[in-house]
Amino acid sequence: MSSQYDELANQLKSQDAKLQISAVEALATSQEDGATDLLLTVLKSTSEPLVKAAATALGVRKDPRAVQPLIQTLSVGGYYCYESRTALVNIGAQAVEPLLAVTSNMKFGGRLLAIEALGLIKDNRAVPRLVEILLYSGEEHFYCEAAAKALGTIGDRSAIEPLTQAAKAHDWRMVRDSAQNALNAMGVGDASRD
């Protein structure tokens, strides 16, 4: 490890929040082998601004070792959850399977962010689970709405039929509208015209 790495590690131990955040930001692009490990430690902090900065830095690093700890921050909640979602999206395909695993058992806000992340990653492996959330699982309407939006973002043509079904017949108007918007994004048109 270099003297710069040691200096950043020491700054993380400081009581000065600005110095800590500055160190986290520097670790985002550091070439040091232990930078991700330091950021993963910071991710466990009780300081929300520090966790937010660490999540952002881990997204810049795109290290797959950060996937599970970032998912854990989604389940805990806090105003840094959007940074964790964005970091998971930046990590990309390696986050898909772990995100799929938590779409059925995570608390409200974290679950919605996991569904959103799956859409933003645009990996077709998410389509069957998102369709299940949309149609078959008796989900709360806000999960169905998020699944419809995610399916529209992914754009996989295998989702056209389930989206059409939801656009025509879902109990909640918000879900019908989101399904129709997804179909529009995919170039399908109005599901009510058959």
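The values are calculated or read from the model by the stated rules, or taken from the named source; none is laboratory data. Everything numeric here is computed off the predicted structure, so don't read it as measured data. Here the Cβ positions follow ideal geometry from the backbone for every residue, glycine too, while neighbour counts run over all protein chains shown. These area figures cover heavy atoms from the full protein model, side chains too; ligands, DNA and RNA do not enter into them. Shrake-Rupley method; radii C 1.70, N 1.55, O 1.52, S 1.80 Å.
Details
- Restricting attention to segment 48-77, the residues that are open to solvent by less than 40 Å² (accessible area, probe 1.4 Å), out of contact with any Lys or Arg (no Cβ under 8 Å at 6 or more places or on another chain) and not in a helix (DSSP H, G or I) add up to 1.
- Within the span defined as segment 160-177, every residue fails to be free of Cβ contacts under 8 Å to residues at least 40 places away in the same chain, within 16 Å of R85 (Cα to Cα) and not basic (K, R).
- Number of residues in segment 143-167 that are open to solvent by 10 Å² or more (accessible area, probe 1.4 Å) and either touching a Phe, Trp or Tyr at 6+ places or on another chain (Cβ under 7 Å) or part of a helix (DSSP H, G or I) (or both): the value is 15.
- Candidate set from segment 78-97 (those that are within 23 Å of H141 (Cα to Cα) and assigned to a helix (DSSP H, G or I)); member that is modelled with the highest pLDDT: V96
- Of all residues in segment 7-36 being touching a residue at least 24 places away in the same chain (Cβ under 8 Å) and of a type in the set (D, E), the one that is least open to solvent (accessible area, probe 1.4 Å): E32
- Failed condition for S192, given (1) out of contact with any Lys or Arg (no Cβ under 7 Å at 6 or more places or on another chain); (2) open to solvent by 40 Å² or more (accessible area, probe 1.4 Å); (3) of a type in the set (S, T, Y): (1)
- Contact annotation: residue pairs with Cβ atoms under 7 Å, 6 or more positions apart or on different chains, pairing a residue in segment 94-121 that is among the hydrophobic types (A, V, I, L, M, F, W, C) with a partner that is not in a helix (DSSP H, G or I), are V96/D123; A114/T103; A114/M106; I115/T103.
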